[in-house]
Amino acid sequence: MFPPPYKIKAVEPIECPSQEERQDILKSAHYNTFLLPSSKVYLDFLTDSGTTAMSDFQWAGLMMGDEAYAGSLNFEHLEQCIRDIFGYRYIVPTHQGRGAEHILSQLTIRKGDIVPGNMYFTTTKIHQELAGGEFSDIIIDEAHDPSSEHPFKGNVDFKKCEALIKKHTPQKISYISHEACVNMAGGQPFSLENLRELRELTNHYKIKIYLDATRIVENAHFIKVREKGYEKYPLVSIIREICSLTDGCTMSAKKDGLVNIGGFLAMNDEELFTQAKAMVVIYEGLHTYGGLAGRDLEAMARGLYEAATDERIVAHRIQQVQEFGKSLLKADIPIVKPIGGHGVFLDAKRFLPHLSQDMFPAQTLTAEIYLECAVRAMERGIVSAGRNPKTGENYHPSLELVRLTIPRRVYTQEHLEYAAQGIGQVFQRRNKIRGLKMTFEPKQLRFFQAHFEPLR
Ligand code: F0G
C-alpha cells in the first residue's frame, strides 16, 4: 500500500454511542439510516457525496469568493477549469447534481420518450420520469450479477440499445444517459472502447449522449489501470477523451469534484445552452452562480483541478476502498465484485439468504451494522428502486445491496479496519437476523424518509 498523498491539518472529534444508546437511537430513526442524527454515528459511510475533506488550497479559495450577483470572477475560473479538463464549450452551474439533471431532463425529454441508460440512478431517473420519460436499462447483464468479475461492468450492451431504438424509433429516444463509475452497480466503470462504439451507434441514429460525470475521475483511473493502451495516459487526457465522445454532461461535484456542495450542466450545443440559461434563473439562480456562493464556485474549480491533475489523490482513494473490500472478502463476507471505486457493496441477498426481498434484506443489514458498531451505511435495493409510476408495483431490482461509501480524504486505515471487524461480527450472527416491514412510505425517493419496524 502507498501512504496518503496528504497530511492532516485539522481534526473533527467523533464519538461512538453505547450499544444501549444505539438501540434507542435506531428505533427513533425508524430503522432508516438516513434518519439517524450524524452526532450519533461513529463512522459515516452513508455517502461519498459532499463529505470530502477539502485541501488547504480549496479552503484558501473560499476567502477569494467574489460574491457579486452577476459575472463573478469565480464563475470565470470554474468555466475555464471545465473547458480545460472536460472540454465542453458551455457551462451552467447548479447547486448540485440533481439541479443539472432537472434542467437537462425538462429541456430534452418529451412525454412518452424513452431514456436508455447504463443502469438507473435514483435522482436521475426521477427527473427523467417527471419530464414524462421512461428510463430503460441497457447495461451489460454482468452488471446485474454481483459475482461477475467483468472489469467494465458499466458498459452498454449494444444489442439491448439497438433493439430499444428500433422498437421505439430514434425520434422517441431523448438521449442516452451514460453514467461514469455506475453507482448502483457498485461503482463500476465503463471502458473507452465501449463508449467509442456507443458513439458510433448513436451517430448512426442521430441520438445524443449525455454523460453523468459525477465519478468521472474514478472511471478514468480504472481505464488507466485496466484498459489496454491507456497505462501511460495522463488522467486529464482520458477525461477529455470520454467527454469528446459525448454531447454534454451533468455533474454532482460533491463527489469527484472534492467539494461539499456544487454541480453543473455542460454541453456543446449553443441552442440547448441558451434554453438552459433561461431555466437556471428560474430554479437555481443567475447563470453565473446557479444557486451557489462565489466562494463555492472557487472551491469547486480548485477541487476539479486538484482531482484531475494530482493523480495520487484518486489512486490512494481507490486503494483505500480496495483494501477495505479485501478485508471483508477475507472474512468470506459476500460483496460485489470487482470492488468498486467509491465504496464496498455488501450483497444482502447472499448475506441474509433467509430473508425474501419484500423483507428488505439490505435495509435490515444497514440497521444491524449500525447496532453492531455505529457505522452508517445505505440501502441500495428494493427500497431505493421505488415503484413503477404506471402500475404502482414495487420494482424488484436484481441487486439488493448495502453500500459502504468511503468519503474522500476523511478516514484512516484504522477506521476502515474497525468497520470491517464490526461487519464481521454481524456476519457471525446473520442467521438470527429478522427482516423489517415498511410502515411509512413517501411518494418519491422513498429511501430518504421511509419508516420501518422489525418483523415479529
Ligand atoms: N448522479 C449520480 C451518479 C450520483 O451518485 C448522484 C448523487 C447524483 C447524480 C445527484 O447528485 O446529490 O449532487 O444532487 N449521489 C449521492 C449518493 C446522493 O449518495 O450516491 P446530487
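Tell me, please, whether a residue that is among the hydroxyl-bearing types (Ser, Thr, Tyr) and farther than 30 Å from Ile369 by Cα can be found in region 63-70. Give the steps one after another, and end with the answer.
Initial filter on region 63-70 (among the hydroxyl-bearing types (Ser, Thr, Tyr)): 69.
Checking which are farther than 30 Å from Ile369 by Cα leaves us with 69.
Yes.
Considering only region 125-174, state which residues are among the hydrophobic types (A, V, I, L, M, F, W, C) and farther than 28 Å from Leu346 by Cα. Passing the criteria: Leu130, Ala131, Phe158, Cys161, Ala163, Leu164, Ile165, Ile173. Residue pairs whose Cβ atoms lie under 7 Å apart, separated by 6 or more positions or on different chains, with the first residue in region 119-137 and part of a loop (DSSP other than H, G, I, E, B) and the second open to solvent by less than 40 Å² (accessible area, probe 1.4 Å) and more than 15 Å from the ligand (Cβ to nearest atom), are Ala131/Ile109; Gly132/Ile109; Gly132/Asp113; Gly133/Ile109; Gly133/Asp113; Gly133/Ile114; Gly133/Ser174. Given the structure, is His168 under 18 Å from the mean Cα position of the chain (by Cα), more than 16 Å from the ligand (Cβ to nearest atom) and open to solvent by 20 Å² or more (accessible area, probe 1.4 Å)? No, not satisfied.
Inside region 211-294, counting only helices (runs of 4 or more DSSP H) that do not spill past its ends, which hold 3 or more residues that are buried (at least 18 other Cβ atoms within 10 Å of the Cβ) and under 21 Å from the mean Cα position of the chain (by Cα)?
Details: elements: 216-226, 235-244, 270-283.
It comes to 216-226, 235-244.
Of all the residues in region 19-48, those that are closer than 24 Å to Met438 by Cβ, in contact (Cβ under 8 Å) with a residue 12 or more places away in the chain and assigned to a loop (DSSP other than H, G, I, E, B) number 9. Of everything listed in (1) within 16 Å of the ligand (Cβ to nearest atom); (2) open to solvent by less than 10 Å² (accessible area, probe 1.4 Å), the single unmet condition for Lys125 is (2).
Residues that are open to solvent by 60 Å² or more (accessible area, probe 1.4 Å) and part of a helix (DSSP H, G or I) were ranked within region 69-99; the one that is nearest to the ligand (Cβ to nearest atom) is Arg98.
Considering only residues in region 175-191 that are within 10 Å of the ligand (Cβ to nearest atom) and not in a strand (DSSP E or B), the one that is modelled with the lowest pLDDT turns out to be Met184.
Listed residues Leu43, Leu36, Leu26; which is away from the ligand (no atom under 16 Å from the Cβ), assigned by TED's automatic domain parsing to the domain that holds Ile369 and open to solvent by less than 40 Å² (accessible area, probe 1.4 Å)? Unique residue meeting the criteria: Leu26. For Lys160, the test of being in contact (Cβ under 8 Å) with a residue 12 or more places away in the chain, part of a helix (DSSP H, G or I) and basic (Lys, Arg) is passed. Scanning region 59-89 for residues that are in contact (Cβ under 8 Å) with a residue 24 or more places away in the chain and of a type in the set (Gly, Ala, Ser) yields Gly61, Gly65, Ala68, Ala70, Gly71, Ser72, Gly87.
The values are calculated or read from the model by the stated rules, or taken from the named source; none is laboratory data. Given the structure is predicted, the values throughout are model-derived calculations rather than measurements. Glycine also receives a Cβ, built like all others from the backbone with ideal geometry; neighbour counts cover every protein chain displayed. Heavy atoms of the whole protein, side chains included, go into the accessibility calculation; ligands, DNA and RNA do not. Shrake-Rupley method; radii C 1.70, N 1.55, O 1.52, S 1.80 Å.
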